[in-house]
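Peer 1: A single structure is presented below for examination.
The values are calculated or read from the model by the stated rules, or taken from the named source; none is laboratory data. Keep in mind the model is a prediction, meaning the values are calculated, not measured. So basically every Cβ, Gly included, is an ideal-geometry build from the backbone, and we count neighbours across all protein chains shown. Heavy atoms of the whole protein, side chains included, go into the accessibility calculation; ligands, DNA and RNA do not. Shrake-Rupley method; radii C 1.70, N 1.55, O 1.52, S 1.80 Å.
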Amino acid sequence: DARVTQTPRDKVTEMGQEVTMRCQPILGHNTVFWYRQTMMQGLELLAYFRNRAPLDDSGMPKDRFSAEMPDATLATLKIQPSEPRDSAVYFCASGWGGETQYFGPGTRLLVL
Amino acid sequence: QQQVKQSPQSLIVQKGGISIINCAYENTAFDYFPWYQQFPGKGPALLIAIRPDVSEKKEGRFTISFNKSAKQFSLHIMDSQPGDSATYFCAANNYGQNFVFGPGTRLSVLP
């Protein structure tokens, strides 16, 4: 049963610290998405990649967020420096072509 | 124009009843309309999806109705069960781009 995996599942950090979230997409999928979910804003698309190339990161605060795909089995989302307003659940999703997305379990981030 | 509006925000239905969630969009370039189901502590999971060339799609107890001229689509859950209690999101995109999610509807099905 192929699944998207995300690590860590929970992260508590202090303001100003660097946070790195990792995602392993389903093998064979060529599109990877990063979302942020909060009660106030709902699900927000931060960035997505196709064939490891970034296609759109317009939803991501550029000054502190960065997303990369070092290889086809790993996607990373970094926040540096982190701020309390970054507290949210971050989801990674993967798919083939992008229409159907399979979500991971999420990383719950709390920035104190 | 990129938004997808969704209503109601929350919904309470008795077991066995019909749950109806509505969504509306503006961007006529959207060509794929999925619905996702999310349980607490889990990621959203694809439930059912439709393209604008059909007006209805049914999978088990779940049906999408699509009105292209009105730019609206809805999810119907027949014979709602307590296990259906979750948050439901409609979404839209065009050719694998411009992904937009609705704000979500929290459904509670009472036993």
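Peer 1: Work out the length of the dipole vector of the protein assembly as shown about its Cα centre, built from +1 on the beta-carbon of each Lys and Arg and -1 on the beta-carbon of each Asp and Glu, and round it to the nearest 20 debye.
Peer 2: In debye, rounded to 20, the protein assembly as shown gives about 300.
Peer 1: On to the next question. Give the ranking of A:Arg85, A:Arg36, B:Arg106 by solvent-accessible surface, highest area first, calculated with a 1.4 Å probe.
Peer 2: Putting A:Arg85, A:Arg36, B:Arg106 in descending order of accessible area: A:Arg85, B:Arg106, A:Arg36.
Peer 1: Follow-up. Under the definition of partner shielding as Cβ atoms of other protein chains within 10 Å of a residue Cβ, what is the mean value for peptide B:31-42?
Peer 2: If you average over the peptide's residues, the count of other-chain Cβ atoms is 2.
Peer 1: Considering only protein heavy atoms, with the full assembly of protein chains and a 1.4 angstrom probe, order B:Leu110, A:Leu74, A:Leu46 by accessible area, largest first.
Peer 2: From most accessible down to least: B:Leu110, A:Leu74, A:Leu46.
Peer 1: Can you grab the distance from the C-alpha centre of the stretch A:81-112 to the C-alpha centre of the stretch B:19-41, Å, no decimals?
Peer 2: 19 Å
Peer 1: Could you work out, residue by residue across A:39-45, how many beta carbons of other chains sit within 10 Å of that residue's beta carbon, and then give the average as an integer?
Peer 2: 4
Peer 1: So how exposed is A:Glu83, as accessible area in Å² (1.4 Å probe, rounded to 10)?
Peer 2: A:Glu83 exposes around 50 Å² with every protein chain in place.
Peer 1: To the nearest Å, what is the center-to-center distance of the stretch A:1-79 and the stretch B:49-88, using C-alpha atoms only?
Peer 2: Each part reduced to its Cα centre gives a spacing of 29 Å.
Peer 1: If you don't mind, there's one more thing I want to ask. Which percent of the accessible area of the stretch B:37-111 is formed by carbon and sulfur heavy atoms (probe 1.4 angstrom)?
Peer 2: 51 percent
Peer 1: While we're looking at this one, here's another question. Just for chain A, what percent of DSSP beta bridges are antiparallel, to the closest 5?
Peer 2: 90 percent
Peer 1: Measuring from the lowest to the highest alpha carbon on each principal axis, how far does chain A reach, largest first, in angstroms?
Peer 2: Ordered largest first, chain A gives principal extents of 37, 28, 26 Å.
Peer 1: Under unit Cβ charges (Lys, Arg +1; Asp, Glu -1), what dipole magnitude, rounded to 20 debye, does the stretch B:1-75 have relative to its Cα centre?
Peer 2: 220 debye
Peer 1: Residue by residue through A:99-105, how many Cβ atoms from other chains fall within 10 Å of the Cβ on average?
Peer 2: Mean number of neighbouring Cβ atoms from other chains: 6.
Peer 1: Report the number of Lys pairs in the protein assembly as shown whose alpha-carbons are under 21 Å apart, with separation of 8 or more residues or on distinct chains.
Peer 2: Close lysine pairs under the 21 Å cut-off: 11.
Peer 1: Quick one: ranking B:Thr105, B:Thr28 by accessible area, 1.4 Å probe, largest first, what do you get?
Peer 2: Listed by decreasing accessible area, they come as B:Thr28, B:Thr105.
Peer 1: Provide, in order from the shortest bin, the percent of all Cα-Cα pairs of the stretch B:11-54 in each 10 Å bin, continuing until the bin that contains the maximum pair distance.
Peer 2: 19, 42, 32, 7
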